[in-house]
Amino acid sequence: MEYSNLIGLLVLVTTVIIPFLRKLQHDRARRAVAARLERRRGSKVISMVHRQEAVSLLGIPVWRYIDIEDSERVLREIRALPPGKPVDLIMHTPGGLVLAAEQIAGALARHDGPVTVFVPHYAMSGGTLVALAADQIEMDPDAVLGPTDPQVGEYPAASLIRLKGAKDPSTIADHTYILIDQAEKAMVQVRTFVQDLLARRLPGDQARHVAEVLTDGRWTHDYPLTPTALTEMGLPVGHAMPSEVYELMDLYRQQGQRRPTALYTPMPRPGHEPAKR
């Protein structure tokens, strides 16, 4: 075999075949862990895990987020469930499209059966919107949710609305006025949706207050809402995190090319002692 052909074969194996086989292996392992959790809890397990992924032959990094494809898949899974079937949704996400998040949240809220959302690390923005549809939110003690205030383009809707009252109208450009108009509509839409979700379990006044707190832009969009803060708002938050959730997260670990910045000696998790030889 010529040297150039050998190099081409090595490139094909390392950039296509090995990543493909590794993906198949991870997919198989993820399904096995999810199936074990389903048997233990008698539920349907759905995972929505968004990490930075390397795609194509060039390994270009792509950030994942909640999109229409996610909502299509989750809604399809929920529609296929029999009445009364518990749903366990495992979420790890920076957020995403409001429309997709609202579709998922609406389907979970209407599902005829208990819904539990597990948050092992974080579920921000649209992820928080989805979590609010659950009957129970189980979080790692160090996990966080985030505010649900809408964003218009690259700007927080609340900031655009405040700009309208802080400046002379004659100095605001037409384009900015359009953004402000969109921001006001987005704020009403998201706040109303959040309030409707909360009203299923909280008194009317409390649901209205919590919806305002989550959407009015009093914090930055990445402000961490801890389990303690969420419990004080009246949300059903606990810490009953099955070990399978952490196992599943390990199987979604990024396949980065950089040297890891956090090094540690792996320790067995409770209930999962290493096999003896």
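Mind listing just one residue for me: the one in the range 60-99 that is part of a strand (DSSP E or B) and open to solvent by 20 Å² or more (accessible area, probe 1.4 Å) and, of those, modelled with the lowest pLDDT?
Within the range 60-99, the match that is modelled with the lowest pLDDT is Ile60.
So is Glu102 open to solvent by 10 Å² or more (accessible area, probe 1.4 Å), of a type outside the set (Ser, Thr, Tyr) and assigned to a strand (DSSP E or B) or not?
Judged against the criteria, Glu102 is not a match.
Taking Val115, is it open to solvent by 30 Å² or more (accessible area, probe 1.4 Å) and either over 16 Å from Leu248 (Cβ atoms) or at pLDDT 95 or above (or both)?
When the stated conditions are applied, Val115 does not pass them.
Go through the range 205-234 and give me each residue that's over 20 Å from Phe193 (Cα atoms) and surrounded by 19 or more Cβ atoms within 10 Å (Cβ to Cβ).
Hit for the range 205-234 is Pro227, nothing else.
Could you list all residues from the range 118-142 that are over 20 Å from Leu81 (Cα atoms), part of a strand (DSSP E or B) and open to solvent by 10 Å² or more (accessible area, probe 1.4 Å)?
If the condition is that a residue be over 20 Å from Leu81 (Cα atoms), part of a strand (DSSP E or B) and open to solvent by 10 Å² or more (accessible area, probe 1.4 Å), then Tyr122, Glu138 are the ones that fit.
Condition first: surrounded by 20 or more Cβ atoms within 10 Å (Cβ to Cβ), among the small types (Gly, Ala, Ser) and modelled with pLDDT of 95 or more. Can you find one or more residues in the range 168-184 that meet it?
Within the range 168-184, one or more residues are surrounded by 20 or more Cβ atoms within 10 Å (Cβ to Cβ), among the small types (Gly, Ala, Ser) and modelled with pLDDT of 95 or more.
The values are calculated or read from the model by the stated rules, or taken from the named source; none is laboratory data. Everything numeric in this text was worked out from a predicted model, so none of it was measured. Counting neighbours? That spans all protein chains shown, and the Cβs are built from the backbone with ideal geometry, glycine included. What goes into the accessible areas is simple: the full protein's heavy atoms, side chains included, and nothing from ligands, DNA or RNA. Shrake-Rupley method; radii C 1.70, N 1.55, O 1.52, S 1.80 Å.
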